[in-house]
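Step one of this worksheet: look at the structure below.
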């Protein structure tokens, strides 16, 4: 169980943090910075400094929305590890034990450890990730399950499939280049070579 929040210390730390953010936003010439701290059972700090729109001189507020992108990986990993601590899941559980709709698929055979460490051979967002570019709406649960089960957004044929590589990725070694982006490029090249052979 986490330790209870010491309100006096929290108030002092957040007051310092708030002034530090304000100073660094100006000092480092960052157009705008927004921060929130959740402590105990409440939002203890929600603040914003700078501009949301530099050209229009629109002040940034704590109500502005931002795309959190890869920060969601930290939140997800933290939540999963909290479930591990509670004994509700194990890192060596197969993904299909928790998402029963993917039983019998290559993705369902990957462990939570594989997925959290990006070693499961899964191409993030599928090869058809136009929803990030707002070309179409972000998939709902049914759409995401379609990607996971048969590799197509919403299960609709004609969309580019999600790629679950059939091999495990080896850990990075000194001198390796790339990372996630390199894996995606290789997966897309493999896909394109496969399409060229079938034409």
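The values are calculated or read from the model by the stated rules, or taken from the named source; none is laboratory data. What you see is a predicted model, and the numbers here were worked out from it, not measured in a lab. Virtual Cβ from ideal backbone geometry, glycine too; neighbours counted across all protein chains shown.
Say whether the condition of being within 30 Å of residue 8 (Cβ to Cβ), exposed (fewer than 12 other Cβ atoms within 10 Å of the Cβ) and at pLDDT 90 or above is met by at least one residue in the range 59-70.
So far as the range 59-70 goes, yes, one or more of its residues are within 30 Å of residue 8 (Cβ to Cβ), exposed (fewer than 12 other Cβ atoms within 10 Å of the Cβ) and at pLDDT 90 or above.
Please specify each residue of the range 24-41 satisfying the condition of being without any contact (Cβ under 8 Å) to a residue 12 or more places away in the chain and loosely packed, with under 12 Cβ neighbours inside 10 Å.
Of everything in the range 24-41, those that are without any contact (Cβ under 8 Å) to a residue 12 or more places away in the chain and loosely packed, with under 12 Cβ neighbours inside 10 Å turn out to be 27, 28, 29, 38, 41.
Please indicate, with yes or no, whether at least one residue in the range 3-22 is within 26 Å of residue 141 (Cβ to Cβ), part of a loop (DSSP other than H, G, I, E, B), touching a residue at least 24 places away in the same chain (Cβ under 8 Å) and in contact with a strand residue (DSSP E or B) (Cβ under 7 Å, 6 or more places away or on another chain).
The answer is no; no qualifying residue exists.
Can you tell me how many residues within the range 107-116 are surrounded by fewer than 17 Cβ atoms within 10 Å (Cβ to Cβ) and touching a strand residue (DSSP E or B) at 6+ places or on another chain (Cβ under 8 Å)?
1
Checking residue 80 against (1) surrounded by 15 or more Cβ atoms within 10 Å (Cβ to Cβ); (2) more than 30 Å from residue 147 (Cβ to Cβ), only one condition comes out false. Which one?
(2)
Against the condition in the same structural domain as residue 145 (by TED's automatic domain parsing), closer than 30 Å to residue 143 by Cβ and either modelled with pLDDT of 95 or more or surrounded by 11 or more Cβ atoms within 10 Å (Cβ to Cβ) (or both), how does residue 95 come out, does it pass?
yes
Do we have residue 88 as surrounded by 10 or more Cβ atoms within 10 Å (Cβ to Cβ) and farther than 20 Å from residue 144 by Cβ here?
Spelling it out, residue 88 is indeed surrounded by 10 or more Cβ atoms within 10 Å (Cβ to Cβ) and farther than 20 Å from residue 144 by Cβ.
Name the one entry in 44, 69, 79 that is within 27 Å of the chain's Cα centre (by Cα), part of a strand (DSSP E or B), free of Cβ contacts under 8 Å to residues at least 60 places away in the same chain and not assigned by TED's automatic domain parsing to the domain that holds residue 149.
The unique qualifying residue is 44.
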